[in-house]
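What follows is a single structure, written as structure tokens, with notes after it.
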Amino acid sequence: MQKTPANQRLCCYLEYIAFSVGIFGVLTVFHSWLTYDQVKLVNFIVPMFAALIVGYLMAHNKVLQNQLTQLANTDKLTSAYNRQFFDQRLEEELDRAQRYDLKLSIIYLDLDHFKQVNDQHGHKIGDSVLIDFSRVVRKTIRESDIFARFGGEEFIVLAQMASSDSAHALYLRIKDAIDSHTFEVINNMTFSAGIAQLQKDETAVQILDRADKALYRAKENGRNMAIIAD
């Protein structure tokens, strides 16, 4: 019969208590065999050893916490941030930008004719294109920028302290990097972009919508270009 979570926890507690009692018993017997000088040495070594163990466990736990946080915030395939994390950070940065009158821009990216890559070469090649695209962009953007995968072949950059002109300059750097990169099998890949600078009292939904409409215009006008939203 499968144990319930409550029973599993109870078993863990009992095992821990039994282990602790056993260790205490062994140390008590061992302690009784020691001379006075040996006891002083043990009383010095044991706390130091215990402190090292506790320090190691705390550091190990911190590493595990960071790894879990990273896994929760990133897209499994491309290692870009995921939509949930981006939405959270966008709200935070919008609030900060509005409060202190700071510039902020969104760059919406969409790979051109990506469906044809999957149809002609299969999803394995399509996935490698997404992975490469993400890696190149992450190497190109500034450390303060936030890059996320929105889903499928759509990505987005939150460019902090950036006007629409600065965001367009960043787009050009990304474009140059992608143009010079050789993708597996297909060799070249282009992308379209929509850029929107934060306006006064604008919400996250509104700036994303303007960037999305600018992206749509870029795709309508022939792709492989960026349009700045009105």
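At a Förster radius of 22 Å, what calculated FRET efficiency corresponds to the Cβ-Cβ distance of GLN98 and LYS213, to the nearest 0.05? Efficiency for this residue pair is about 0.55.
For the pair HIS121 and MET161 in one chain, pulling the backbone fully straight at 0.36 nm per residue adds 10.4 nm over the alpha carbon distance. When a 1.4 Å probe is rolled over the protein heavy atoms, the share of accessible surface on the stretch 107-187 that falls to carbon and sulfur comes to 47 percent. Given axes a ≥ b ≥ c from the Cα gyration tensor, I'd like to know whether the stretch 130-230 is rounded (a/c under 1.5), prolate (a/b larger than b/c) or oblate. Cα axes put the stretch 130-230 in the prolate bin. In the context of the full set of protein chains, the stretch 88-224 has a per residue accessible area of 50 Å² (1.4 Å probe).
The values are calculated or read from the model by the stated rules, or taken from the named source; none is laboratory data. Just so it is clear, the structure is predicted and the values come from calculations on it, not from any experiment. Reconstructed Cβ throughout: ideal geometry from the backbone, glycine too, with neighbour counts over all protein chains shown. For accessibility, only protein heavy atoms count, side chains too; no ligands or nucleic acids. Shrake-Rupley method; radii C 1.70, N 1.55, O 1.52, S 1.80 Å.
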